[in-house]
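Take a look at the structure set out below.
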Amino acid sequence: MGYYINEIKSTGKIAVDDTILVKGTPATAGSKMLENFTPLFSAEVVEKLEKAGYGISGKTNVGEFGLDLMGETSYFGANEADGKLVSAAASLVKDGAVTAALNVDLNGAPRRAAAVAGVDFLKPTYGTVSRYGVIAAACSGEQIGVTAADADAVKEILTVIAGHDDKDGTSLPAEKYDYEAVEVSGMKIALVKELYDLASDEVKANLDKYIASLKALGATVETVSLDCVKEAQTAWQILMSAETTNNLSRFDGVKYGHRTADYKNIDELYVKSRTEAFGFLTKATIIYGSDVLAKGKYESCYDKSLRIRRVVTEKIKAVFAQYDVILAPACKDVEYKAYDLMDSFEKVFEESVFTAIPSITGVPAMVTKGVQLIADSYKDNVLLSIAKSVEGLEA
Amino acid sequence: MKYELVIGLETHVELSTDSKLFCSCGGHSSPKEPNDCVCPACSGMPGMLPVTNKHAIELAVKAGFMLNCKINQYTTFDKKSYYYPDLPASYQTTQWFNPICVDGSVEIGDRTIGIKQIHLEEDAGKLVHDDATNTSLVDYNRTSVPLIEIVSRPDFRSSEEVITYLKKLKSSLQFAGISECEEGAMRCDVNISVRPEGSEEFGVRAEIKNMSSLSEIKDAIEFEKVRHVDALERHTEILQQETRRWDDVKRRTFPMRNKETAADYRYFPDPNLMPIIIDDEWLEAIRASMPATAEEQSIRYTEMGIAEKEAMVLASDRKLSDTFDAVVALGRAPKSVASWILTECMGNMKRLELDELKIDAAKLARIIELVDTNEITRPAGKKVLSALFESDIDVDAYCEENGLNVKVDEGFVLETVQRVVGENPDAVANYKSGKTKAMQALFGLIMRELKGTGDPVVIRDLLQKELDK
């Protein structure tokens, strides 16, 4: 599989995930279900980029509805290099084929992809970038972010796409964000013990190296305990699956997308169309999401997860009262091999422990040099400043 | 044993908004051809996000005020999932956890009907079955049109109470501008059970879905009453809690397939719609925009000198009272306006079989002004009004074209009366010999000569004097 599902403009310098709509260009979200779906309008981020003079190079291959590790569940095939999984968008950025890529982060895929590729990705504060025109799965946590080679390139594109949009009811009011640079010297940084302990030795070594760089810049790093990482992981799994189940229920073979060739009645139309067109991970997520919303389970699953979201938010706010940012691994390993996709549900769940806190709380998270930095809401500029400073040490 | 009916109603009403609940497509009255009022949002296309229609919130709050509800100032939207081709996103956005209005009541006669809640939701589309090709076609025009569902408590004890309630609901909703309540825009689910009189426990309940005509609702309730009592008394069947539909051709209810009804809707809060906070200021602004109730309106009219009975008729119909208020506001005397509306306008409505008064208040005011200032006669005024009911004429131009606005020349009228009397000695003789009908014949001749321009009262008076000479 090439990196693009549809190439738009050979001179374009910004690639977008195939879950982000560009008017007139098919948008598959990596699924057979939407193989022939062409949207009637562009995403707000695409409109903003085009208005600012940026060309869209094309639609990058993604895992089906963005639910997987880094693209391996795409109906059109995974992207691999030397037997290892790579993401289409991060590879294009790494190769210098585009200056930036826009990706939808709903369960950490672009963060893992950036960590493995060694490029930067920022998932901005929830609500600062419009989600209008994203093929939605998990609306309460998914967010468009920017992959680029360095922090300055991320900031350049983010400045263009962030800002209020009337068409998105969760869009925050500020018209623009300027991502003001701040001094790293004197910052206090909290390393999350529970997540550090879960990482592989290579990832730990990489984190240690990053900590040394932070100290060299005059920041202090302390190890803290955050006793809600597993709870955040499970709660986000429940919320994310439930919302995804609901959002994907519109793909029923009636209006657009895949319709089975042969059916006797409406029930068969639904069942056969969806069975034929969804991949394993999507089906597993839909079954899981239906179950947690079932009568009698709502209180103990979905509603409880909403309450956990509030508790996790309070706990990290308490950390941010003392520290400027949180440092954590972005994923368990430094590389991932192709695996049997029948194991994808467990595999993605296992990895999501590293990415769940920003997903469920909506705070910004940045992956740079293989590590993950997490800040309080609206402190995206702090993340960019740290990333830039560490990147500058080697230059 | 004597049995008592126990009925609760869920009434769905389309709101009179200009646009749909979560997009800018035209609202209740817009669509003409199938699917000509559809956008990516209300057809459930991926990538679209909902944006709430503020006017729909306000109308729901108004309905809450009208039905004496408590308004939830923190209200949320939730998703209800089920698969059906008329539901493009396969979920309906409704209010499950925090409905906008709760705990209200309505008086019907000497009974009080409790209102459990009013919630906002979006309507579904429409399926049309084409027998010729044996296919089903779907029309999304109605998809996402805002509805309120008014859920009553099980407080009705007869079909008459249900009908009275629905009629009152309809006129109040129309009156407050909440819903036009056009054909099919008000639909009911009827929950019905019977129990021995005096019992406090509820019987086994049947729900009859989706009826819009009052006579169907009445017939369905009566049918169900007999079915339930037969089951209890004569063991004709074992009652079970189920959903049924009314078949208007077979004149009975039928159970719906269990599959259609036993769904788990998997409700959860819509993450794309932030909770709606109705602050005190907004709430008061909505309250202030409520129209006076029919009762208040009627009292106001009697204070203007309108007879009580006439005031009540005017106040009971929104279109009549709006027209009355507008014409009075243009400076016409209330009594005169009331008489024109209740006699002349309603006469024309009856003649043309119109359900509601739809004429330009400014034009009606002009007609009344012309008559009141004797620029045209009352019969001429009536003629203009009839013409106005038929087409949107210009009042002054019409009077001119039809020679109605001649200032009545009293000398000419008297001359005509005298001339007609002089030319018809036989009729005069007949009159004098006691045949009063002869006077009517003479009156007719004079009116014809005057082409309807004279004041009939004055003419009759002049004729009488002439004959008595």
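Anything in segment B:302-343 that is hydroxyl-bearing (Ser, Thr, Tyr) and either over 22 Å from the mean Cα position of the chain (by Cα) or crowded, with 18+ Cβ neighbours inside 10 Å (or both)? List them, or say none.
Across segment B:302-343, the qualifying residues are B:Thr302, B:Ser321, B:Thr323, B:Ser336, B:Ser339.
Residue by residue, here is whether (1) in contact with a Phe, Trp or Tyr (Cβ under 9 Å, 6 or more places away or on another chain); (2) of a type in the set (A, V, I, L, M, F, W, C) holds:
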position: B:Asp78; (1), (2): yes, no
position: B:Leu87; (1), (2): no, yes
position: B:Cys101; (1), (2): yes, yes
position: B:Glu107; (1), (2): no, no
position: B:His119; (1), (2): yes, no
position: B:Thr135; (1), (2): no, no
position: B:Leu147; (1), (2): no, yes
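Identify the residue in segment A:288-304 that is at negative phi and without any contact (Cβ under 8 Å) to a residue 40 or more places away in the chain and, among all such residues, is farthest from the other protein chains (Cβ to nearest Cβ).
A:Ser300
Yes/no matrix, rows are residues, columns are (1) outside any strand (DSSP E or B); (2) in contact with a Ser or Thr (Cβ under 6 Å, 6 or more places away or on another chain):
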site: A:Gly289; (1), (2): yes, yes
site: A:Arg309; (1), (2): yes, no
site: A:Thr313; (1), (2): yes, yes
site: A:Ala328; (1), (2): no, no
site: A:Cys331; (1), (2): yes, no
site: A:Glu335; (1), (2): yes, no
site: A:Tyr339; (1), (2): yes, no
site: A:Lys347; (1), (2): yes, no
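From B:Thr76, B:Thr135, which residue is within 14 Å of chain A (Cβ to nearest Cβ), more than 30 Å from A:Asp18 (Cβ to Cβ) and either crowded, with 17+ Cβ neighbours inside 10 Å or basic (Lys, Arg) (or both)?
Answer to the check: B:Thr76.
So B:Asp279 clears everything in (1) more than 30 Å from A:Gln143 (Cβ to Cβ); (2) surrounded by fewer than 15 Cβ atoms within 10 Å (Cβ to Cβ); (3) more than 14 Å from chain A (Cβ to nearest Cβ) except one condition, right? Which one?
So B:Asp279 meets the others, but not (1).
From the list A:Ala318, A:Ala277, which residue is of a type in the set (A, V, I, L, M) and closer than 30 Å to A:Ser385 by Cβ?
Just one listed residue meets the conditions, A:Ala318.
Report whether or not B:Lys382 is surrounded by fewer than 17 Cβ atoms within 10 Å (Cβ to Cβ) and either within 18 Å of B:Leu463 (Cβ to Cβ) or not acidic (Asp, Glu) (or both).
In short, no.
Restricting segment B:46-56 to residues that are of a type outside the set (Ser, Thr, Tyr) and surrounded by fewer than 21 Cβ atoms within 10 Å (Cβ to Cβ), which is nearest to the other protein chains (Cβ to nearest Cβ)?
By that ranking, first place goes to B:Val51.
From the residues in segment A:359-382 that are in a helix (DSSP H, G or I) and under 20 Å from A:Trp236 (Cβ atoms), which one is nearest to the chain's Cα centre (by Cα)?
Filtering segment A:359-382 for residues that are in a helix (DSSP H, G or I) and under 20 Å from A:Trp236 (Cβ atoms), the one nearest to the chain's Cα centre (by Cα) comes out as A:Ser359.
Yes or no, residue by residue, for (1) surrounded by 17 or more Cβ atoms within 10 Å (Cβ to Cβ); (2) under 40 Å from the mean Cα position of the chain (by Cα); (3) of a type in the set (Ser, Thr, Tyr); (4) not assigned by TED's automatic domain parsing to the domain that holds B:Leu342:
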{"site": "B:Ser391", "(1), (2), (3), (4)": "no, yes, yes, no"}
{"site": "B:Asp394", "(1), (2), (3), (4)": "no, yes, no, no"}
{"site": "B:Val417", "(1), (2), (3), (4)": "yes, no, no, yes"}
{"site": "B:Ala427", "(1), (2), (3), (4)": "yes, no, no, yes"}
{"site": "B:Asn430", "(1), (2), (3), (4)": "yes, no, no, yes"}
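If we scan segment A:250-266, do we find a residue that is exposed (fewer than 15 other Cβ atoms within 10 Å of the Cβ) and either basic (Lys, Arg) or in contact (Cβ under 8 Å) with a residue 12 or more places away in the chain (or both)?
There is at least one residue in segment A:250-266 that is exposed (fewer than 15 other Cβ atoms within 10 Å of the Cβ) and either basic (Lys, Arg) or in contact (Cβ under 8 Å) with a residue 12 or more places away in the chain (or both).
Tell me, which residue of segment B:99-129 that is over 21 Å from B:Lys170 (Cα atoms) and in contact with a Leu (Cβ under 6 Å, 6 or more places away or on another chain) is surrounded by the most Cβ atoms within 10 Å (Cβ to Cβ)?
Top of the filtered list is B:Ala124.
Could you say which residue among B:Val61, B:Val38, B:Val51, B:Val6 is touching a residue at least 60 places away in the same chain (Cβ under 8 Å) and assigned to a loop (DSSP other than H, G, I, E, B)?
Answer to the check: B:Val38.
Pairs under 6 Å by beta carbon, first residue touching a residue at least 60 places away in the same chain (Cβ under 8 Å) and away from chain B (no Cβ under 12 Å) in segment A:14-25, partner among the polar types (S, T, N, Q) and assigned to a strand (DSSP E or B), six or more apart or different chains?
So the pair list comes out as A:Ala15/A:Ser57; A:Ala15/A:Thr60; A:Asp17/A:Thr60; A:Asp17/A:Asn103.
Does B:Tyr91 fit the bill of being within 11 Å of another protein chain (Cβ to nearest Cβ), buried (at least 19 other Cβ atoms within 10 Å of the Cβ), closer than 19 Å to B:Asp270 by Cα and among the aromatic types (Phe, Trp, Tyr)?
Criteria met by B:Tyr91.
In segment B:350-368, what count of residues is obtained for those that are buried (at least 19 other Cβ atoms within 10 Å of the Cβ) and either touching a Gly at 6+ places or on another chain (Cβ under 8 Å) or without any contact (Cβ under 8 Å) to a residue 12 or more places away in the chain (or both)?
3
If the requirement is being of a type outside the set (Gly, Ala, Ser), away from every other protein chain (no Cβ under 14 Å) and either surrounded by fewer than 23 Cβ atoms within 10 Å (Cβ to Cβ) or in a loop (DSSP other than H, G, I, E, B) (or both), which of these qualifies: A:Leu158, A:Leu172, A:Leu191?
Criteria check complete, one pass: A:Leu191.
Being farther than 21 Å from B:Lys168 by Cβ and free of Cβ contacts under 8 Å to residues at least 12 places away in the same chain is the filter; apply it to segment B:283-301 and report the residue that is surrounded by the fewest Cβ atoms within 10 Å (Cβ to Cβ).
The selected residue is B:Ala288.
Just for segment B:64-85: of the residues that are in a strand (DSSP E or B) and within 29 Å of the chain's Cα centre (by Cα), which one is nearest to A:Tyr132 (Cα to Cα)?
Among them, the one singled out is B:Thr75.
Which helices (runs of 4 or more DSSP H) does segment B:381-451 wholly contain that include 1 or more residues that are within 30 Å of B:Leu352 (Cα to Cα)?
Answer list for segment B:381-451: B:395-401, B:437-449.
Can you tell me which residue within segment B:209-240, out of those that are closer than 22 Å to B:Leu173 by Cβ and of a type outside the set (Gly, Ala, Ser), is surrounded by the most Cβ atoms within 10 Å (Cβ to Cβ)?
The extreme case among them is B:Ile221.
The values are calculated or read from the model by the stated rules, or taken from the named source; none is laboratory data. Quick caveat, the model's predicted, so the values are computed rather than measured. Every residue, glycine among them, receives a Cβ derived from its backbone with ideal geometry; neighbour counts consider all protein chains shown.
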